[in-house]
Amino acid sequence: TTDQGDGWKKEDEAPFYEKLFQMLSMLQGEGMVLDANKSVLYINPPGEDLLGLRESMSQGSSLLDVMRDQGLAAQILQLCEDSFLDAGKVKDAEYEIKGLKVKIAVMTMIGKDKEAKGYLSTFKKV
């Protein structure tokens with residue numbers, strides 16, 4: 001944890017990433033975890049197939065850098081922002097991915113320091 005001088009301690013993201021990874025591994029469908037900076041952290045195999053992204057190739061990269069579909073990347077990032085601004089509540093939107101109508105849902109994990117610690121995105125075919 002880094003002390004920012006004003007008495008507030010920035011909370012470590014690692015335990016949140018662990019929780020998000022566990023949630024992702026229990027998912028039935030497609031999912032992806034973004035870190036606190038909205039860079040790719042984990043993508044489950046169904047998610048890799050749907051999004052056309054490989055976790056190993058995209059880990060640590062911004063969605064806008066690794067996604068061919070910039071509109072989809074922008075939609076996911078917007079949902080991250082909306083979820084964070086609404087205290088971590090799930091935000092969703094429909095989007096067409098490879099000709100399939102998909103409901104994207106994003107949940108933000110927020111630390112005690114009120115910072116976003118990571119995002120879980122799920123993709124359900126409608």
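The values are calculated or read from the model by the stated rules, or taken from the named source; none is laboratory data. Just so it is clear, the model here is predicted, and its values are computed rather than measured. Cβ placement follows ideal geometry from the backbone for every residue including glycine, while neighbour counts extend to all protein chains displayed. Note: accessible area is taken over every heavy atom of the protein model, side chains too, but ligands, DNA and RNA are not part of it. Shrake-Rupley method; radii C 1.70, N 1.55, O 1.52, S 1.80 Å.
Quick notes on this one:
- Single unsatisfied condition, F21 versus (1) in a helix (DSSP H, G or I); (2) open to solvent by less than 80 Å² (accessible area, probe 1.4 Å); (3) not acidic (D, E): (2)
- When restricted to residues that are closer than 22 Å to K112 by Cα, open to solvent by 60 Å² or more (accessible area, probe 1.4 Å) and not hydrophobic (A, V, I, L, M, F, W, C), the range 46-90 contains 2.
- Test: L41 is in contact (Cβ under 8 Å) with a residue 12 or more places away in the chain, touching a Phe, Trp or Tyr at 6+ places or on another chain (Cβ under 7 Å) and more than 15 Å from F123 (Cα to Cα): yes
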